[in-house]
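Written below as structure tokens is the structure these notes are about.
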Amino acid sequence: MAHFKIALLPGDGIGGEVIGQAVRVLDAVGGRFDHSFEYSEDLVGGASIDAHGVALRDETLEMCQAQDAVLFGAVGGPKWDDPKASVRPEQAILGLRKGLGLFANIRPVKMLPILADATPLKRETVEAVDMVVLRELTGGIYFGEPQRRWEENGQRQAVDTLAYSEHEVERIVRLGFETARARRGLLTSVDKANILDTSRMWREIADEVARDYPDVTLEHRLVDACAMDLIRHPSYFDVIVTENMFGDILTDEASMLAGSMGMLPSASLGASENGSTLGLYEPIHGTAPDIAGQGIANPMAMILSAALMLRYSLGLEAEATAIEDAVTDILAAGHRSADLAGDGDEPLSTEALGNLITDAVAGG
Ligand code: IPM
Ligand code: MG
């Protein structure tokens, strides 16, 4: 029997509701495949600010470092939204990414045919969507120094810094090529090379790395044009690789192609050591304060994030597929969460969906 240690960081809003269902599904995986999962839970984000005055404590980061993987819900909410506050919930996720060295954010966007009518786009446009967006996660304007505000001549001033080093670009671009090689072989590198020096360097490095991957087609696109093409012809894309902030924006956009943000998992990975990769797994939907506490959040992105954890950090491919198949099956059987429900659909609660997926996983 294999034993795995998992950090659980529910965070705020619907985080706790959805992570609870992911744990039930993981335990069902454990029962069926003979693994055991041991969980260590802690507060992060607004919940940690309320209890400890900071969004992420050092001991929480250390606890995570000692686990095989981290499951993360979401952080933030109106209660902590004061833009003047020096302590903000988002510092938790940024601190975890940086502190755990999670430089690669993997966001698969695959249209489940059954949901093709749940997107605001035409069925023909989204039907064949199947892409992976790779976002650089520990560099760029999110972390560059200086970042500060001051006053000059009675005017408010502010600066943020967009900086990248060769090493940071090389490793994420290389992962892009590896990912594309295992898929359809098309890598779209997204930048703003007509304006930014960081982008011109990014392009140069991507072209250099491309020599090691003659089997992959590399193309460069400007981020604004790419944003347009994601709507115009989304099924064209295979693997997109881009810097931190462009990736933040494009992945929210791309999420609409998959029916609902409530469906999209993500993995944030660091470098592999001795064949194992510490990773943090989170749904991309955020805390959804408008529906928090009502028990109606869609737990599927969180559950699918747990599947990515099994695949990327724990090396349990069959177990990951079992979860993904269970989700596909309950959707095929017509079950819907509130965010996916169409006319005539009776939306199920977070827990009811968790029950169905848990049973499907347990039963095989
Ligand atoms: C995301 C989120 C985060 C980001 C926030 C919560 C800091 O939008 O994971 O995409 O901007 O990276
Ligand atoms: Mg975002």
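The values are calculated or read from the model by the stated rules, or taken from the named source; none is laboratory data. Note that this is a predicted model, so its numbers are computed, not measured. Don't worry about glycine lacking a Cβ; one is built from the backbone with ideal geometry, like all the others, and counts go over all protein chains shown. Remember, those area values only see protein heavy atoms, side chains included, never the ligands or the DNA or RNA. Shrake-Rupley method; radii C 1.70, N 1.55, O 1.52, S 1.80 Å.
When ILE19, ILE291 are compared by accessible surface with a 1.4 Å probe, the order from highest to lowest is ILE291, ILE19. Residues in segment 170-177 carry Karplus couplings, in order, of 4, 5, 6, 5, 4, 4, x, 5 Hz; the curve used is 6.51 cos²θ - 1.76 cosθ + 1.60 with θ = phi - 60°, and Gly or Pro positions show x. Taking label points 7 Å from Cα along the Cα-to-Cβ direction, ASP345 and HIS167 give a separation of 4.7 nm.
What translational diffusion coefficient, in µm²/s and rounded to a whole number, does the Stokes-Einstein relation yield for segment 153-208 at 10 °C and a viscosity of 1.306 mPa s, taking the hydrodynamic radius as the Kirkwood radius over Cα pairs? Reported coefficient: 121 µm²/s.
The loop-placed trypsin sites (Lys or Arg not before Pro) in segment 70-138, going by DSSP, that have at most 13 neighbouring Cβ atoms within 10 Å of their Cβ come out as LYS84, LYS122.
The mean of 1/r over all distinct Cα pairs in segment 157-258, once inverted, gives the Kirkwood hydrodynamic radius of 14.0 Å. Using only alpha-carbon positions, what ratio does the radius of gyration of the chain give when scaled by 2.2 N^0.38 Å? The reported ratio for this selection is 0.98.
Peptides 181-187, 11-17 ranked from most to least packed give 11-17, 181-187, packing being the mean of other C-beta atoms within 10 angstrom over each peptide's residues. Given the -39500 (n - 2.57) contribution per DSSP H run of 4+ residues, what per-residue ellipticity at 222 nm results for the chain, rounded to the nearest 500 deg cm²/dmol? Result for the chain, helices only: -12000 deg cm²/dmol. Percent of alpha carbon pairs in segment 210-296 separated by more than 18 Å? Across segment 210-296, Cα pairs with separations above 18 Å total 60 percent. Subtracting the Cα-Cα distance of VAL54 and ALA352 from 0.36 nm times their residue separation leaves 103.8 nm of extension gain. Here the calculated FRET efficiency for ALA182 and GLU90, from their Cβ-Cβ distance with R0 = 30 Å, stands at 0.40, rounded to the nearest 0.05.
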